[in-house]
1. With a 1.4 Å probe and all protein chains left in place, how much accessible area per residue does the stretch 202-264 have, in Å²?
2. Any idea what the dipole of the stretch 106-202 comes to, in debye rounded to 20, about its Cα centre with Lys/Arg Cβ at +1 and Asp/Glu Cβ at -1?
3. Given a Förster distance of 25 Å, report the FRET efficiency between GLN132 and ILE95 from their Cβ-Cβ distance, rounded to the nearest 0.05.
4. Students often check this: by mean Cβ neighbours within 10 Å, which of 55-65, 29-39 ranks highest, and how do the rest follow?
5. If R₀ is 25 angstrom, what is the calculated FRET efficiency for the pair ASN243 and PHE177, using the beta carbon separation as r and rounding to 0.05?
6. With the dipole of the stretch 157-214 worked out from charges on the C-beta (+1 for Lys and Arg, -1 for Asp and Glu) around the Cα centre, which of PHE177, HIS209, LEU194 lies farthest toward the positive end?
7. When you count, for each residue, the other Cβ atoms within 10 Å and take the mean per peptide, how do 200-207, 82-89 rank with the highest first?
8. Contact order normalised by length for the stretch 157-280, with contacts defined as Cα pairs under 8 Å and 6 or more residues apart; what percent is it?
Amino acid sequence: MMDASKKRSFRGKVNRIAYLNGIRAFEAAARHHSFAGAAQELNVTPAAVGQQVRQLEDWLDIRLFNRATSGSTRLTLTEEALRAFPDIHRGFDLITRGLSNLFDEPEENTITISASPSIASKWLLSRINAFQLEKEDCDIQVETDVALVDYAERGIDIGVRYGLGQWDGLCAQLLMFEDIFPVCTPEFAKKYGLERSPPDEFEGIPLLHDYSVPASSGYPSWQEWSDNVGAPLPAKLHGLKINDFASVIELARRGNGLALGRSRLIEDELASGELICPFDRDSYQFRSRFCYFLVWKNEEGDNDRKFRSFRDWLLSSVSE
């Protein structure tokens, strides 16, 4: 835990936004899981990327990567870096988007889709690929953002949002429901003795918390899981909190804790066996009040051929 004086010093450093090249090198290396991949993207040497990252770590006084000398993944993010990466990645994405808007004009055959980074990476992108194979004359542009954005201002045609179905100025159509249940690696379940039912107390079991929408009533949380399935939890919940569901699942996949899985976003991990529900799933899952909705800015979208084509295709792909 960072002490108060160090936090004040750290905030002062961040406010100056120094070491921008180092931050860019960190963001690229985190995406590629290697200095070599980042170097190719940034058109510099791997040694230069490593040096920039080390200078950034020295400046922040925080280690950002775990460096291994062997294995399939030699460069992994530390817990501190996992918490920071989603916002840093979105920051560079916004800068790139802003610069592109200086030159780009909207094309008639382009559909712009908005979704949170977790929904985009864990569910939407694989389906968009299938859509483009069928509709070769249609280009797709995906914009990811956790915060709610102005669809008219950003030129967004349609979005996938997770919530209760009511957003000012937007039409919404239910896309799919979702079930919530604990997940971890088989090794983690064995280590902590998690079998078909939860332990009487969760004391000593590392819990992972997704607080992407911490103030929203109904967003899946450990407390809501406990209330719905009747499993006891300690009076005060501890554990690592991250404002990005994909990062929470990545930590669970590494065996770092027990996470709440969202059934629609962890299909691949469950199918591969990387993650399991250590308890009897039928007894210890609940249907989330939050659902996935297709949203668009007004009814005028119904008259747009490309909009209707994508909306109808995505709805049919979910029902299959």
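The values are calculated or read from the model by the stated rules, or taken from the named source; none is laboratory data. Note that the structure is a prediction, hence the values are computed from the model and not measured. When we count neighbours, we look across all protein chains shown, and the Cβ atoms used for this are built from the backbone with ideal geometry, even at glycine. With ligands, DNA and RNA removed, areas are computed over all heavy atoms of the protein, side chains included. Shrake-Rupley method; radii C 1.70, N 1.55, O 1.52, S 1.80 Å.
1. The answer is 41 Å² per residue.
2. My answer is approximately 500 debye.
3. 0.45
4. 29-39, 55-65
5. Efficiency computed from Cβ-Cβ geometry: 0.60.
6. The listed residue farthest towards the positive side: LEU194.
7. Order by mean packing, descending: 82-89, 200-207.
8. 42 percent
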